[in-house]
1. For I24, are the conditions met, namely being within 14 Å of S66 (Cα to Cα), of a type in the set (A, V, I, L, M) and touching an Asp or Glu at 6+ places or on another chain (Cβ under 8 Å)?
2. Looking at region 55-77, which of the residues that are over 12 Å from the mean Cα position of the chain (by Cα) and more than 12 Å from L9 (Cβ to Cβ) is modelled with the lowest pLDDT?
3. Could you list, in sequence order, the residues of region 19-77 that are assigned to a loop (DSSP other than H, G, I, E, B), surrounded by fewer than 16 Cβ atoms within 10 Å (Cβ to Cβ) and among the β-branched types (V, I, T)?
4. Need pairs with beta-carbon distance below 7 Å; first residue within 18 Å of L71 (Cβ to Cβ) and within region 32-49, second of a type in the set (D, E, K, R) and modelled with pLDDT of 95 or more; sequence gap 6+ or separate chains.
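The values are calculated or read from the model by the stated rules, or taken from the named source; none is laboratory data. Only a predicted model underlies this, so the values are computations on that prediction, with no experimental measurement involved. Note that each Cβ is placed from the backbone with ideal geometry, even for glycine, and that neighbours are counted across all protein chains shown.
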Amino acid sequence: MTDQTTIKLIQIISRVININSKLIDKDSCAREFAKWDSLAHLKLMLEIEKKFKIKISTSKMSDLNSVSKILKFIESK
C-alpha cells in the first residue's frame, strides 16, 4: 500500500463526502462523519471503482466503511 494510494483515496473521500481532507486519515471511518451516509457511501464506492479501475461487489461495499479497509481492498486487487 503506497502513500500515493492513500493520498489519492483521501482526496476522493474528501471530494465525494465534502469534508476537509485534513480531517481524514488511515484510521478514519464512516461513523465519524455525519456526511458519510449511505448515499454518500454508494457515490464513494462508484468513484473508487472508476479512479482505481476495480470492481466492488455490492455485498462487499457495506464492509468497506473505513479508510484502512478500503486501502486493504484496493491493495488486494
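1. Values: within 14 Å of S66 (Cα to Cα): yes; of a type in the set (A, V, I, L, M): yes; touching an Asp or Glu at 6+ places or on another chain (Cβ under 8 Å): no.
So I24 does not fit the description; no.
2. The first filter runs over region 55-77 and keeps only residues over 12 Å from the mean Cα position of the chain (by Cα), leaving 55, 57-60, 75-77.
After this cut, where a residue has to be more than 12 Å from L9 (Cβ to Cβ) as well, the list is 55, 57-60, 76-77.
Values: K55: 98, S57: 97, T58: 94, S59: 94, K60: 97, S76: 95, K77: 91.
So the residue we want is K77.
3. To start, the set of residues in region 19-77 that are assigned to a loop (DSSP other than H, G, I, E, B) comprises 19-20, 24-28, 33-37, 53-57, 62-65, 77.
Filter again for surrounded by fewer than 16 Cβ atoms within 10 Å (Cβ to Cβ), leaving 20, 25-27, 34-35, 37, 53-55, 57, 62-63, 65, 77.
Answer for region 19-77, where residues must be assigned to a loop (DSSP other than H, G, I, E, B), surrounded by fewer than 16 Cβ atoms within 10 Å (Cβ to Cβ) and among the β-branched types (V, I, T): just I54.
4. Within 7 Å, the pairs are E49/K55.
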